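Trainee: Next up is a structure, given as structure tokens.
The values are calculated or read from the model by the stated rules, or taken from the named source; none is laboratory data. This one's a predicted model, so the numbers in the text were calculated from it and none came from an experiment. Positions of Cβ are generated from backbone atoms using ideal geometry, with glycine treated the same way; all protein chains shown enter the neighbour counts.
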2 protein chains.
Amino acid sequence: MSNYRNIDVDQLARGFKALSHPNRLKIFLQLVSCCVPGTNCAADEVQECCIGDLGAALDIAPSTLSHHIKELHQAGLLQMARRGQRMDCRVDTDTLATLREFFEATS
Amino acid sequence: MSNYRNIDVDQLARGFKALSHPNRLKIFLQLVSCCVPGTNCAADEVQECCIGDLGAALDIAPSTLSHHIKELHQAGLLQMARRGQRMDCRVDTDTLATLREFFEATS
DNA sequence: TCGATAGTTCGACATATATCGAATATATAG
DNA sequence: CTATATATTCGATATATGTCGAACTATCGA
């Protein structure tokens, strides 16, 4: 019945909002499909997680891309760290788990 | 790697967008906690699924509530049917499953 | 030091969204 | 038929969002 007593509705809504725009969702899909932490990504092969790579397929301006990445970051969906000239991005698995648990609780 | 080939990104984004507003998320939470189809809801007890009930805790105008319900409906998250003066709402389990599967695929 | 690469910040602008109240529709009870 | 309960539609309005280009910051290489 109510597994929902302890949900932080606003936090959850922020997560959904971050994924609610097709371009941002594509960015996130790109990220989870190449470098979920813990995934066997064959190390030297496909670790293309920098911001430019995430937006390569999107045909939007760099400033717009930067804006979307920031939204995802502020929603807690991805973490960032500088690597030389680039910014490495990776999925924040805790937030992802929170969202997943919401749907598991509805079943 | 990519379990994401066949995802309809726009459809998925519409689902997330519908859940991205705190009031709409609360409405949906109310709905899933009282009448997910298949749930043992003790029939005559708590079947309070009409629109007025869904918004009872929200302190928004009826027109605003109607608007949010419509958004959830158009995103495929809930189905509606008239019952006398009232509109019965119930969760659309197919759409819900689509969203859940997205998160399951990211693990 | 200078130029190139990668990303960010800012201001402007168009569009979308949330909200309300008033008017309207639909159904039931007297 | 009328009054009431429930919900929707419409128009107005304030705020939020997505996008761009220009200017800026940070890092690396020659």
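Trainee: So residue B:71 ticks every box in (1) modelled with pLDDT under 95; (2) in a helix (DSSP H, G or I); (3) not hydroxyl-bearing (Ser, Thr, Tyr) but one. Which box is left unticked?
Mentor: Answer for residue B:71: the failing condition is (1).
Trainee: Just a yes or no: is a residue in the stretch B:31-44 modelled with pLDDT of 90 or more and either within 11 Å of DNA strand D (Cβ to nearest atom) or within 11 Å of chain A (Cβ to nearest Cβ) (or both)?
Mentor: There is at least one residue in the stretch B:31-44 that is modelled with pLDDT of 90 or more and either within 11 Å of DNA strand D (Cβ to nearest atom) or within 11 Å of chain A (Cβ to nearest Cβ) (or both).
Trainee: Pairs needed: first member in the stretch B:69-91, under 18 Å from residue B:30 (Cα atoms); second member anywhere, assigned to a strand (DSSP E or B) and near DNA strand C (Cβ under 10 Å from one of its atoms); C-beta distance under 6 Å; at least 6 residues apart or different chains.
Mentor: Sorted first by the residue in the stretch B:69-91, then by its partner, the pairs are B:80/B:87.
Trainee: Restricting attention to the stretch A:49-72, does a residue exist that is more than 14 Å from chain B (Cβ to nearest Cβ), surrounded by fewer than 16 Cβ atoms within 10 Å (Cβ to Cβ) and within 20 Å of residue A:12 (Cα to Cα)?
Mentor: There is at least one residue in the stretch A:49-72 that is more than 14 Å from chain B (Cβ to nearest Cβ), surrounded by fewer than 16 Cβ atoms within 10 Å (Cβ to Cβ) and within 20 Å of residue A:12 (Cα to Cα).
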